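Readers should treat all values here as calculations from the given coordinates under stated rules, not as data from a laboratory. Because the structure is a prediction, the values reported are computed rather than measured. We place every Cβ from the backbone using ideal geometry, glycine too, and count neighbours over all the protein chains shown.
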Amino acid sequence: MHKYGHVTPTQLNRLIAAGETYTVEFKRGQRAAMSDNDIVDAAICLANGDGGLLLIGVEDDGRVTGLEPRHGSVTQPHLLQAMILNRTESPLATSIELVELEGKEIAVIDVPDVAVPVGSKSGKYVRRSLRADGKPECVAYPLHEMLSVGLTAQGRDYAATPARGASLRDLDRDEFERFRRMCATGKGDRSLADLSDVEILKSLRLVLPEHDNQLTLGAVLLFGSTGALEQYVPTAEVVFQEMRNGSVAANETLRLPLLRAAERLFQLINVRNSEQELVLGLHRIGIPRVPDGTIRESIANALVHRDYSEIGPVSVQLSEDRFRVRSPGGFPPGITLQNLLDDSKPRSPILAEAFKRAGIVDRAGRGVREMYTQLLRAGRGGPDYSATNDNAVIVQISTSDADLEMVRFVLEYEDADGRSLLLPQLQILHELKATGPQTTAELVEALREAESSVRTHVARLTEMGLVESRGTGRHRRHHLTAAFYRLAQSSEYVRLRDTDPIQQEHMILAYVDQFGSITRGKTAELCHLSPGQARTVLKRLTEAGELELRGERRGAHYVRRSTPSD
């Protein structure tokens, strides 16, 4: 759809001054240098990107040279518009206006972004791209990329595409046995364990009854022989790497049907997934670097949700400090970093259903939430998807030492209470332990949760005796209580046992009243606090209007805040 609307001369000046971008293209306006076909190609290029503005009558360096009349003595926008519409497939509806700048006319063509690829009637397809130096350009639009965009826009499942020429001879009987074994054990769908090969294919929607039971690409991906995979889905490839001290210690490339590839990846990671030990009473508990469920979910997501029309392998990497999985293709339509926890929209419902019925992933579509919960319960931060882009989904999980105090707290509290902590509660406790006292607004930003949800769970944690709040209004901060640190058997509990937050504030203010000022180091010594905790309590007193900061760096100290009557 069009998004720019009317462009004023002032706005046009600003656009030209900013130079060409991914969504703004300059073209010379002389007819000898710019044919109708060139204009059509430039419009197609922008449409196959994010849309944008095509400015005809502006040189690449930003000089305004103007537009020579086209199709008559005077340029008529509606004729230019009709020309683009009639020479594109699917027809590209642009919006065009003429804007005068420096005494010269410029054609401002507002090109919409399109849901499906658009090309010229002669069969030319180009798309917008950025070079390594960040400059925009038009490049050929590869067929596999157009297929991916087209299937996504139409809501079609890649796994439902017919595998023309494929037959049951292209499928591996051992893979059907693998699927039956998975269904018969653990969390699999036992009703499939006794079915024949053909019945399994029909149950998983891997044949097309309307096409004489033609096999689909999904059938090849799940049960195909090595030769069939190479012929029908050559993009089905996974690379596993183990990194040690910055060097590759293990490297294995897998070109296998998906269930077998998943099992092999689980094996490769499990033998390398070392544990930390936690002593709890008379028991010794192993805390793995990456929880088993997190490994299974992240790998299954990469295999099921990747875009198989895109070239490039799934990449799985394990190192001393992180577990990283990269799968080609961005998030499925409708999924963002903001709704990742709550929305489940598989790129291929057919493959997702097969993995669920095999018992590999959660059948209720709560896999990402479970990953977060498992990691927080294991004393780690949640999975990091921030590196994800339009070309790949990337999840990274820290494998450095876990917060064993948090693990101990969770186990002790849930054992005593008989109930499991909810994910938002775990997130709040982790955030407060890692960063210290936080306002509600800060927790909302850190957790990417609705304010109402954060307030509800903070109130519940307060009732549970794990969180306390100090201050008023927007300065009201929430912090962990001594009860939390006692269950965690944290060294922080020793400090908190001697002086609770109210006592700390009274001691600091009394010291300032007697000696005139106090430093952060003296605060830490007086209240048995760490430097970070001392900074927090001093900040709290400053925001409450009790103290004010004087001096900088080593000369920084806190005094009573002056009042007008002083």
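Restricting to DSSP H runs of at least four residues, report the calculated mean residue ellipticity at 222 nm for the chain, -39500 (n - 2.57) per run over all residues, nearest 500 deg cm²/dmol.
Numbers: 21 runs with 223 residues, N = 566.
So the helix-based figure for the chain works out to -12000 deg cm²/dmol.
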Considering the dipole of the chain built from charges on the beta carbon (Lys and Arg +1, Asp and Glu -1) around the Cα centre, which of Val368, Cys183, Gln504 is farthest to its positive end? Gln504
Go through segment 20-28 residue by residue and turn each phi into a ³J(HN,Hα) via Karplus (6.51, -1.76, 1.60, θ = phi - 60°); whole Hz please, and just put x for glycine and proline. 5, 9, 4, 10, 10, 10, 9, 9, 5
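By count of other Cβ within 10 Å, fewest leading, how are Thr216, Thr185 ordered?
On the way: Thr216 25, Thr185 12.
Result, fewest neighbours first: Thr185, Thr216.
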What is the extension gain from Leu85 to Met507, computed as 0.36 nm multiplied by their sequence separation minus the C-alpha to C-alpha distance, in nm to one decimal? 144.2 nm
For the chain, can you list the cysteines whose C-beta has no other cysteine C-beta under 4.7 Å from it? Cys183, Cys527
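In debye, nearest 20: dipole of segment 499-560 around its Cα centre with unit charges on the Cβ of K, R (+) and D, E (-)? Present the calculation step by step, with values, prior to reporting the outcome.
Working: 9 positive and 8 negative charges, 64 e Å.
I would put it at about 300 debye.
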How many percent of Cα pairs in segment 97-254 exceed 21 Å? 67 percent
Between helix 143-154 and the chain, what is the angle of the helix's C-alpha long axis to the longest principal axis, kept within 0 to 90° and rounded to the nearest 10? 70 degrees
Estimated D of segment 227-365 in µm² per second, where Rh is the Kirkwood radius over Cα pairs and Stokes-Einstein applies at 25 °C, 0.890 mPa s: 149 µm²/s
Taking Cα atoms, the helix 173-184 axis meets the longest principal axis of the chain at an angle in degrees (rounded to 10) of 40 degrees
Where does each of Leu79, Leu487 land when they are ranked from fewest to most other beta-carbon atoms within 10 angstrom? Leu79, Leu487
Helix 531-543 vs. the chain, principal-axis angle (Cα, 0 to 90°, nearest 10): 90 degrees
Of the listed pairs Lys202/Lys356; Lys27/Lys124; Lys187/Lys345; Lys27/Lys121; Lys187/Lys433; Lys121/Lys345, which have alpha-carbon separations greater than 24 Å here? Lys187/Lys433; Lys121/Lys345
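Using a 10 Å cut-off around each Cβ, can you sort Lys345, Lys522 from fewest to most neighbouring Cβ atoms?
Working: Lys345 14, Lys522 17.
Sorted ascending by nearby Cβ count, the order is Lys345, Lys522.
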Computed from every Cα-Cα pair in segment 156-402, P(r) in 5 Å bins starting at 0 and rounded to whole percents is 1, 6, 13, 18, 19, 17, 12, 8, 4, 2, 1, 0, 0
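Among bridges DSSP assigns within the chain, what percent are antiparallel (round to 5)?
Numbers: 61 of 71 bridges.
Around 85 percent antiparallel, to the nearest 5.
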Among (i) 28.6; (ii) 25.7; (iii) 24.3, the entry that matches Kirkwood radius over Cα pairs in Å as calculated here: (i)
About the Cα centre of the chain, what is the dipole size in debye to 20, counting +1 per Lys and Arg Cβ and -1 per Asp and Glu Cβ, all else neutral? 700 debye
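Expressed as a rounded percentage, what relative contact order does the chain have, with Cα pairs under 8 Å and six or more residues apart?
Working: 964 pairs, mean separation 44.9, N = 566.
Result for the chain is 8 percent.
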